[in-house]
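J.: This is the structure I have questions about; it appears just below.
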Amino acid sequence: MHTPFAPATLNELHRRLERRHHSARQMAAHCRHEADLALQDPDVSDLLDRDDPASGTDADRGNSLALAALAEHNAEAAHTALRRLDLGNYGYCDDCGARIPLARLRALPETTLCVDCKQTNHQLALVG
Ligand SMILES: [Zn+2]
């Protein structure tokens, strides 16, 4: 299976993916750092308000860790897409094998599904 894109387009998508991979990793590192800070340095509002379980560092830490996990997921998705670009099977839907339109790849270069399959997956997820 060969990628359906011209070399210039592949270069463009490659650059986009590398940028997204890089910024997602930076975001993940930043959020991990914030989570560590929340663990080590209880801030003043937490000390003043320690009876309220929803306030303070545990909630901050949870938010930071959730953001870090999301960023790590995005970084992994971008990395997987870069590997597919290198292997030459980038730009095809994982489910149905259809070519994913270039406009969709430009907007979301790490996607592995066409719009139809994405919507089907989403509906299945909603049903359970
Ligand atoms: Zn599909």
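Laboratory data are not the source of any read-out in this text; all were calculated from the coordinates shown. Fair warning: this is a prediction, and the values are worked out from it, not measured in the lab. A quick note on method: Cβ atoms are made from the backbone with ideal geometry, for glycine too, and the neighbour counts reach across all protein chains shown.
J.: Quick one: which residue in Leu124, Leu65, Leu85 is within 15 Å of Met27 (Cα to Cα) and in a helix (DSSP H, G or I)? Outline the logic, then answer.
T.: On the way: Leu124 fails: within 15 Å of Met27 (Cα to Cα); Leu85 fails: within 15 Å of Met27 (Cα to Cα).
None of the others qualify; the one that does is Leu65.
For (1) closer than 25 Å to Ala71 by Cβ; (2) small (Gly, Ala, Ser); (3) surrounded by 11 or more Cβ atoms within 10 Å (Cβ to Cβ), each residue gets a yes or a no:
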site: Leu85; (1), (2), (3): yes, no, yes
site: Tyr92; (1), (2), (3): no, no, yes
site: Ala107; (1), (2), (3): yes, yes, no
site: Glu110; (1), (2), (3): yes, no, yes
site: Thr120; (1), (2), (3): no, no, yes
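J.: From Ala71, Ala81, grab the single residue that is away from the ligand (no atom under 16 Å from the Cβ) and under 16 Å from the mean Cα position of the chain (by Cα).
T.: One residue alone meets the criteria, Ala71.
J.: Additional query: Among (1) outside any loop (DSSP other than H, G, I, E, B); (2) more than 18 Å from the chain's Cα centre (by Cα); (3) farther than 21 Å from Arg20 by Cβ; (4) not basic (Lys, Arg), there is one condition Ala103 misses while meeting the rest; what is its number?
T.: The number of the failed condition is (3).
J.: Quick one: is Gly62 more than 16 Å from the ligand (Cβ to nearest atom) and over 17 Å from the mean Cα position of the chain (by Cα)?
T.: Details: more than 16 Å from the ligand (Cβ to nearest atom): yes; over 17 Å from the mean Cα position of the chain (by Cα): yes.
Yes: the conditions hold for Gly62.
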